[in-house]
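A.B. asks: Sharing a structure with you now.
The values are calculated or read from the model by the stated rules, or taken from the named source; none is laboratory data. Because the structure is predicted, anything quoted here is derived from the model rather than measured. Virtual Cβ from ideal backbone geometry, glycine too; neighbours counted across all protein chains shown. Note: areas computed on protein heavy atoms with side chains; ligands, DNA, RNA excluded. Shrake-Rupley method; radii C 1.70, N 1.55, O 1.52, S 1.80 Å.
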Amino acid sequence: MNTSLNATLPGQPHIAYSGDQLLIEGVSLSELAREHGTPLFVYSKAAMLSDLAAYQRGFAGRQAQICYAMKANSSLAILQVFADAGCGFDIVSGGELARVLAAGGDPAKVIFSGVGKTRHEMKQALQVGIGCFNVESEAELDVLSEVALSLGKQAPVSLRVNPNVDPKTHPYISTGLKGNKFGIAHEDALRAYRHAASLPGLKVVGIDCHIGSQITDSTPYLDAMDRVLDLVAEVEAAGIPIHHIDFGGGLGINYNGDKPPEADALWAQLLAKLDARGYGQRQLMIEPGRSLVGNAGVCLTEVLYLKPGEQKNFCIVDAAMNDLPRPAMYQAFHQIVPVTPRPGDGVVYDVVGPVCESGDWIGRDRQMRVAAGDVLAVLSAGAYCMSMASNYNTRGRAAEILVDGTKAHLIRQRESAFDTFALEQLV
Ligand SMILES: *Cc1c(COP(=O)(O)O)cnc(C)c1O
């Protein structure tokens, strides 16, 4: 492993070696591991705010609302950071709505996405007055209208249209193609808008799309925007005004030399297209998740055992697929670096966790110089890690720390074994 000292890591401006210590902002990661144990998630507040600032710069002078897609990382203190910075939230469940409220978020800035909203979730969202329901099917329109009328309300709706563009990302995180379960097909959209406009419990306010995740190229966004604007023109020509246009999330981050466009550069291109087509002064919305938190977080894990083998050497660590599900789910790559590097070239290892599954791996074929007891940092672990963590193998979920300058705040206690079965009972 190549660890040059006194160097920031690629794509990780808030994480850097200083001497033989890896720091996140002004805090030593090995000290955090000593004090709080491992596995431990550590986030940089400055990294989140600087990633948000790139979008804010991109939208300077425009009417735009950034709704953080909180499924990327829904820990309360993370939501608090974004709420304080003026963000709204893109939610996908009633549970996420409860989290927004608990974190002090403004319900009027909440948009509710997802293909399977229940009546109960719709009711909950209508009662607190969320900003918009992003509806994904015609059947959902009927149910939402009915639920709204039963409360004597009108539900603000946007239709999630499926622009049928290929975001060229992993099939499990591509969502805007015809074969996906998401959204309303382009050719059905006008009919769905007419249907929505005819229902007494609904008020049409917008249009939205979300084509996938970890997108590293601006072309799919530009293509999707053309498709969405074509529909805006068609729907408005049919006498249904569209107040806001929501372009979803999906911008990728640098996991392994990936080179996604910066948010402000991407939006300079997209806004040029909006201006050219005469929609530049519309109310815009976006729903970024990963690009606001992914590179702001690391997961610290301790090396338990080194297990040399004929074909593979294994580095067995105390974090596992229940803490870091992305490699097992999507064959995803996370950089893994020592928090206190040792000199020398090292050995090639598969980094694996203790869970009883061959799919429980964190990194494959990594050259590292490590010994039992060393602490490793799994990078780019701010998004879709803790929020996807489980208790598989009755492993309590990790603790979480939010670093702000030289201060480290414990934002989630480590779950005990007792916590994992506290709601169960014997017969
Ligand atoms: C997951 C999701 C997002 C966020 O995606 P990222 O790739 O994390 O930016 C935005 N909108 C919707 C509807 C989503 O499902």
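A.B. asks: Over the Cα atoms of the chain, what radius of gyration and what Dmax do you get, in Å?
C.D. replies: 22.7, 71
A.B. asks: Send over a whole-number figure in Å² for the accessible area per residue of the chain, probe 1.4 Å.
C.D. replies: Using a 1.4 Å probe on heavy atoms only, each residue of the chain averages 42 Å².
A.B. asks: Antiparallel versus total DSSP beta bridges in the chain: what percent is that, nearest 5?
C.D. replies: Around 50 percent of the beta bridges assigned by DSSP in the chain are antiparallel ones.
A.B. asks: Another question, if that's okay. Compute the length gained on full extension between Arg191 and Gln331: take 0.36 nm times their separation in residues and subtract their Cα-Cα distance, giving the result in nm to one decimal.
C.D. replies: Between Arg191 and Gln331, full extension yields an extra 46.5 nm.
A.B. asks: Moving on to the next point. For Lys178, which lysines qualify as cross-link partners when the Cα separation must be under 19 Å and same-chain residues fewer than eight apart are set aside?
C.D. replies: Result set, ordered by chain and number: Lys168.
A.B. asks: In this model, which of Lys181/Lys259; Lys71/Lys109; Lys259/Lys312; Lys181/Lys273; Lys109/Lys153; Lys45/Lys123 are farther than 25 Å apart at the alpha-carbon?
C.D. replies: Listed pairs above 25 Å: Lys181/Lys259; Lys259/Lys312; Lys181/Lys273; Lys45/Lys123.
A.B. asks: As a test, work out the antiparallel percent of DSSP beta bridges whose residues both lie in the range 113-288, rounded to the nearest 5.
C.D. replies: 5
A.B. asks: Could you work out the helix-only [θ] at 222 nm for the chain, with each DSSP H run of four or more residues adding -39,500 (n - 2.57) and the total divided by the number of residues, to the nearest 500 deg cm²/dmol?
C.D. replies: -8000 deg cm²/dmol
A.B. asks: Let me ask something else. How high is the relative contact order of the chain, in percent, counting Cα pairs under 8 Å that sit 6 or more residues apart?
C.D. replies: The normalised contact order for the chain reaches 20 percent.
A.B. asks: What percentages make up the Cα-Cα pair-distance distribution of the range 113-288 when the bins are 5 Å wide from 0?
C.D. replies: 1, 9, 18, 20, 19, 15, 10, 5, 2, 0, 0
A.B. asks: Please work out how much length the chain gains when fully extended from Glu138 to Asp226, using 0.36 nm per residue of separation minus the C-alpha to C-alpha distance, in nm with one decimal.
C.D. replies: The Glu138-Asp226 span can extend by a further 29.4 nm.
A.B. asks: Running a GNM on the chain with Cα contacts under 10 Å, which residue among Gly250, Gly88, Gly201 ends up with the highest mean-square fluctuation?
C.D. replies: Among Gly250, Gly88, Gly201, the largest GNM mean-square fluctuation belongs to Gly201.
A.B. asks: Right, next: Give me the percent of the accessible area of the range 252-313 that comes from carbon and sulfur atoms, probe 1.4 Å, all protein chains in place.
C.D. replies: 47
A.B. asks: If contacts are Cα pairs under 8 angstrom and at least 6 residues apart, what is the relative contact order of the range 90-238 in percent?
C.D. replies: After rounding, I find 22 percent.
A.B. asks: Can you tell me how the range 152-244 classifies by the Cα gyration tensor, rounded, prolate or oblate, using a/c under 1.5 as the rounded cut?
C.D. replies: The shape class here is prolate.
A.B. asks: Shifting gears a bit: Suppose each label sits 7 Å from its Cα in the direction of the beta carbon; what would the Lys181-Lys312 distance come out to in nanometres?
C.D. replies: Distance between label points: 3.0 nm.
A.B. asks: Could you list the trypsin sites (Lys or Arg not before Pro) in the range 161-250 that lie in coil according to DSSP, counting only those with at most 14 other Cβ atoms within 10 Å of their Cβ?
C.D. replies: Counting only loop positions with at most 14 other Cβ atoms within 10 Å, the trypsin sites (Lys or Arg not before Pro) in the range 161-250 are Lys168, Lys178, Lys181.
A.B. asks: I would also like to ask the following. Give me the extension gain from Thr8 to Lys203: residue separation times 0.36 nm, minus the current Cα-Cα distance, reported in nm with one decimal.
C.D. replies: Gain in length upon complete extension: 65.3 nm.
A.B. asks: Turning to a different aspect of this structure: Taking amide hydrogens as modeled 1.01 Å from N in the peptide plane, which residues meet the under 5 Å criterion relative to Phe314, leaving out close sequence neighbours?
C.D. replies: Lys307, Gly309, Asp350
A.B. asks: Once you've got the GNM for the chain with C-alpha springs shorter than 10 Å, pick whichever of Gln21, Gln65, Gln311 has the biggest mean-square fluctuation.
C.D. replies: Result: Gln311 has the largest fluctuation of those listed.
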